[in-house]
Amino acid sequence: MIHSSFSPDATVGNIVAAQPDLARLFERVGIDYCCGGKRTLAQACAGKGLDPAAFAVLLAAAAKLPAAGPTVDARAMSLTALADHIEQTHHCYLKEELPALAEKADRVAGKHGGRDPRLLVVAETIRALAGEMFHHMAKEEQILFPLVRELERAGTVASHCGSIANPIRQMELEHDGAGAAVARLRELTDGFVPDAAACNTHRAMLAGFARLESDLHAHVHKENNVLFPRALALEAHAAA
Ligand SMILES: [Fe+2]
Ligand SMILES: [Fe+2]
């Protein structure tokens, strides 16, 4: 019997929003629960050749395990607290880590690009991603998150750009772009696995990419599947 919260029609984003620890199981089978969070369990499983009923059994078993660590329950936070949390953890991490990773990738490409030309594309990809994410975070911190906090505080926003749905739609598009860039990094580096000839900088870069991927997934999930839908619901409620 399928656990009711893991029915084939439940969306992947809502499943992880309800039980954040299950993100790791989705990661392990390669199901994108953040940008792809609006897909149902049945659709996500079909994309990976998995039987949704069998996977629901795994989810139900994993849901009973004790929490692995300090997982944040984004749904239990106020929107203001969640926006603060995202800035203080995920945005801070990206601001520090993206330039360091781009610098490592340049060094690796310079030294070993002759042996594996894909390393040149890796360096271009991480540099472009870093540039895009810095712009993206600035828009969230200077425009969207202040609107969300104001919406929660005052119940309404005096916005010149119309509904909050407009900046949200733009942020979701940019999340898709960032998700595609880390997927490309994974593909270009054979799943972030170093070959025998890889030097220490190369290995550190790959370990950094793996952490970047999992942090980005958690970050985008909190925005796409928790913060944004709740802000939209709040705005709709205020307008009613
Ligand atoms: Fe963000
Ligand atoms: Fe974002």
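The values are calculated or read from the model by the stated rules, or taken from the named source; none is laboratory data. Here the structure is a predicted model, which is why all the values come from computation and not from measurement. When we count neighbours, we look across all protein chains shown, and the Cβ atoms used for this are built from the backbone with ideal geometry, even at glycine. For the accessible areas, the whole protein counts, side chains as well, though only heavy atoms, and no ligand, DNA or RNA atoms are used. Shrake-Rupley method; radii C 1.70, N 1.55, O 1.52, S 1.80 Å.
Report, by residue number, each residue of the range 96-123 that is closer than 15 Å to residue 206 by Cα, at pLDDT 95 or above and acidic (Asp, Glu).
97, 103, 106, listed by residue number.
Would you mind stating whether residue 235 is in contact (Cβ under 8 Å) with a residue 24 or more places away in the chain and under 17 Å from the mean Cα position of the chain (by Cα)?
Criteria not met by residue 235.
Given the conditions (1) away from ligand 2 (no atom under 16 Å from the Cβ); (2) open to solvent by 70 Å² or more (accessible area, probe 1.4 Å); (3) not assigned by TED's automatic domain parsing to the domain that holds residue 20, report the number of the one that residue 95 does not fulfil.
(1)
Give the residues of the range 126-179 that are surrounded by 20 or more Cβ atoms within 10 Å (Cβ to Cβ) and among the β-branched types (Val, Ile, Thr), sorted by residue number.
Scanning the range 126-179 gives 126, 148, 157, 164, 168.
Name the residue, out of 126, 143, that is under 21 Å from the mean Cα position of the chain (by Cα), more than 14 Å from ligand 1 (Cβ to nearest atom), farther than 12 Å from residue 91 by Cβ and assigned to a helix (DSSP H, G or I).
Selected residue: 126, the only one of 126, 143 that is under 21 Å from the mean Cα position of the chain (by Cα), more than 14 Å from ligand 1 (Cβ to nearest atom), farther than 12 Å from residue 91 by Cβ and assigned to a helix (DSSP H, G or I).
Considering only the range 38-55, I want to know if a residue exists there that is away from ligand 1 (no atom under 16 Å from the Cβ), within 23 Å of residue 181 (Cα to Cα) and in a loop (DSSP other than H, G, I, E, B).
yes
Of all residues in the range 29-56, count the ones that are farther than 23 Å from residue 227 by Cβ and open to solvent by less than 30 Å² (accessible area, probe 1.4 Å).
Within the range 29-56, residues that are farther than 23 Å from residue 227 by Cβ and open to solvent by less than 30 Å² (accessible area, probe 1.4 Å) number 3.
Does residue 131 fit the bill of being in the same structural domain as residue 96 (by TED's automatic domain parsing), over 20 Å from residue 240 (Cα atoms) and either of a type in the set (Gly, Ala, Ser) or without any contact (Cβ under 8 Å) to a residue 60 or more places away in the chain (or both)?
Yes; evaluated as a whole, the condition is true for this residue.
Taking into account only those residues within the range 195-213 that are of a type outside the set (S, T, N, Q) and open to solvent by 50 Å² or more (accessible area, probe 1.4 Å), which is farthest from residue 108 (Cα to Cα)?
Step by step, filter the range 195-213, then rank; the result is 211.
Could you say which residue among 194, 229 is farther than 19 Å from residue 132 by Cβ and within 16 Å of ligand 2 (Cβ to nearest atom)?
229
Only one of (1) assigned to a helix (DSSP H, G or I); (2) in contact (Cβ under 8 Å) with a residue 60 or more places away in the chain; (3) more than 16 Å from ligand 1 (Cβ to nearest atom); (4) of a type outside the set (A, V, I, L, M, F, W, C) is not met by residue 103, so which one is it?
With respect to (1) assigned to a helix (DSSP H, G or I); (2) in contact (Cβ under 8 Å) with a residue 60 or more places away in the chain; (3) more than 16 Å from ligand 1 (Cβ to nearest atom); (4) of a type outside the set (A, V, I, L, M, F, W, C), residue 103 is out only on (2).
In the range 57-71, how many residues are part of a loop (DSSP other than H, G, I, E, B) and open to solvent by 50 Å² or more (accessible area, probe 1.4 Å)?
Final tally of qualifying residues: 6.
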